[in-house]
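Below: one structure, written as structure tokens.
The values are calculated or read from the model by the stated rules, or taken from the named source; none is laboratory data. Note that the structure is predicted; figures quoted are calculated from it, not measured. Neighbour counts are summed over all protein chains in view; Cβ atoms, including those assigned to glycine, are modelled from backbone coordinates with ideal geometry.
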Amino acid sequence: MLNDLVPQLDESFMHAAGAIPLVFQGALRTMPQQERQSQPSRHDSHELTYVRRGKIRYTLGKKDYLVTTGNTIVIKPGREHSFRIVDGPVDLICVYFGFARRPEAAAGDSSPEPAVSPVSVEEFFRFADGVNSADDDLIDDCFLIQGRYQESIARLAERILLEYEGDDFARDLLLRALSIELVVVVARAIKGAWERSLRVRHGKARELVLIAREYIEDHFDQDISVADAASYVFLSQGYFARAFRDELGTSPMAYLIRIRVERSCELLRQPDMKVSSIAARVGFSSPQRFNAAFRKQMGMTPMQYRRQFTD
């Protein structure tokens, strides 16, 4: 049976929730610089948006969330949201996913369409990790996926879109498998953010510096500052900079630039990417700043580094 190929979720979760992960829709969208959503929208399922190119700002309630190239935002079901393009044109992959339960079949209908279940990714995370928290929601109305899970989500979004738009053999079966993987990866990202929040609440200076280092590694490609990293762990900027240097032997800004340059080295090995695009992709405000930082750290220009792999 083909269904035997599908990864099976724990039977106790299936029995308790009466639902399975499914992808409901996938779409590729290109939006011009002036695009904005005037009327808020909401969806019954989770809305995952992966930004291939550009910058887009989402508004949920009184909060704004900037999503840039390579980043992903997951909006929880039933949350009103709107957006505007900050730097366009923007290419987006939108995946609507969640949990579904199959309704009772009517007479003559052996395969009714699945209905969206109120089960959330947070509930799946609590189930899978054995968390029995009576606290409020683990995340806000939405969740930005950055850092170590960015590449996994990007690859999944691309594969889901390819399958959704195609008509290949066992398409629905593969979409089912991909939806399970998507839910697991999103749940892992939620788990990581939740654990970091606990460490911030209970951490001491050394622990907070390590959390701030993770913050820098997860957000290096954005316009972040030392003040942003310090506020993330609720320390004054001066105290944070001293504690960071004492613990890691370098300043927070030097560490940020080092991470950006290291990531740019990976991208420079891809000959189809322009150096100016790489500079923006890793968080530098201009190609000139990128060139100066790269030369200082690597002892050569970005183009000289690239030629080592293309000549």
**Request:** Give the residue that is nearest to I160 (Cα to Cα), with candidates limited to residues of the stretch 71-89 that are touching a residue at least 40 places away in the same chain (Cβ under 8 Å) and in contact with a His (Cβ under 8 Å, 6 or more places away or on another chain).
**Result:** V74
**Item:** Matching option when the condition is surrounded by fewer than 16 Cβ atoms within 10 Å (Cβ to Cβ) and under 29 Å from Y96 (Cα atoms), among E217, E262
**Value:** E217
**Request:** Inspect all residues belonging to the stretch 217-225 and state whether any of them is assigned by TED's automatic domain parsing to the domain that holds R258, part of a helix (DSSP H, G or I), out of contact with any Cys (no Cβ under 6 Å at 6 or more places or on another chain) and of a type in the set (S, T, Y).
**Result:** no
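From the list A189, A154, A212, which residue is assigned to a helix (DSSP H, G or I), surrounded by 19 or more Cβ atoms within 10 Å (Cβ to Cβ) and modelled with pLDDT of 90 or more?
Numbers: A189 fails: modelled with pLDDT of 90 or more; A154 fails: surrounded by 19 or more Cβ atoms within 10 Å (Cβ to Cβ).
Checking each option against the conditions leaves just A212.
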**Prompt:** Taking the stretch 269-292, which residues are surrounded by fewer than 21 Cβ atoms within 10 Å (Cβ to Cβ) and assigned to a helix (DSSP H, G or I)?
**Reply:** V275, S276, S277, A280, R281, P287, Q288, R289, N291, A292
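Can you tell me which residue within the stretch 293-311, out of those that are in a helix (DSSP H, G or I) and hydrophobic (A, V, I, L, M, F, W, C), is surrounded by the most Cβ atoms within 10 Å (Cβ to Cβ)?
Applying the filter and picking the extreme gives F294.
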**Request:** Name, by its number, the condition in (1) part of a strand (DSSP E or B); (2) touching a helix residue (DSSP H, G or I) at 6+ places or on another chain (Cβ under 9 Å) that does not hold for G70.
**Result:** (1)
**Message:** Test of understanding: among L48, L22, L9, which residue is modelled with pLDDT of 90 or more, surrounded by 15 or more Cβ atoms within 10 Å (Cβ to Cβ), of a type in the set (A, V, I, L, M) and not in a helix (DSSP H, G or I)?
**Reply:** L48
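A quick yes/no check of all residues on (1) in contact with a Cys (Cβ under 8 Å, 6 or more places away or on another chain); (2) at pLDDT below 75; (3) under 22 Å from E163 (Cα atoms); (4) not assigned by TED's automatic domain parsing to the domain that holds A280:
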| position | (1), (2), (3), (4) |
| --- | --- |
| D91 | no, no, yes, yes |
| P103 | no, yes, no, yes |
| G108 | no, yes, no, yes |
| S117 | no, no, no, yes |
| A128 | no, yes, no, yes |
| N132 | no, yes, no, yes |
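Among the residues of the stretch 158-165, is there at least one that is among the hydroxyl-bearing types (S, T, Y), within 23 Å of N71 (Cβ to Cβ), assigned to a helix (DSSP H, G or I) and touching a strand residue (DSSP E or B) at 6+ places or on another chain (Cβ under 9 Å)?
Applying the first criterion (among the hydroxyl-bearing types (S, T, Y)) to the stretch 158-165 yields 164.
Checking the rest, the ones that are also within 23 Å of N71 (Cβ to Cβ) come to 164.
So of that shortlist, the ones also assigned to a helix (DSSP H, G or I) come out as 164.
From what is left, the residues that are touching a strand residue (DSSP E or B) at 6+ places or on another chain (Cβ under 9 Å) are 164.
The answer is yes, given that some residue of the stretch 158-165 is among the hydroxyl-bearing types (S, T, Y), within 23 Å of N71 (Cβ to Cβ), assigned to a helix (DSSP H, G or I) and touching a strand residue (DSSP E or B) at 6+ places or on another chain (Cβ under 9 Å).
Does E266 satisfy the criteria of being within 22 Å of Y149 (Cβ to Cβ) and either free of Cβ contacts under 8 Å to residues at least 40 places away in the same chain or in a helix (DSSP H, G or I) (or both)?
Values: within 22 Å of Y149 (Cβ to Cβ): yes; either free of Cβ contacts under 8 Å to residues at least 40 places away in the same chain or in a helix (DSSP H, G or I) (or both): yes.
Yes: the conditions hold for E266.
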**Message:** Given the condition under 21 Å from H202 (Cα atoms), in a loop (DSSP other than H, G, I, E, B) and in contact (Cβ under 8 Å) with a residue 12 or more places away in the chain, answer yes or no: does some residue in the stretch 235-245 qualify?
**Reply:** yes
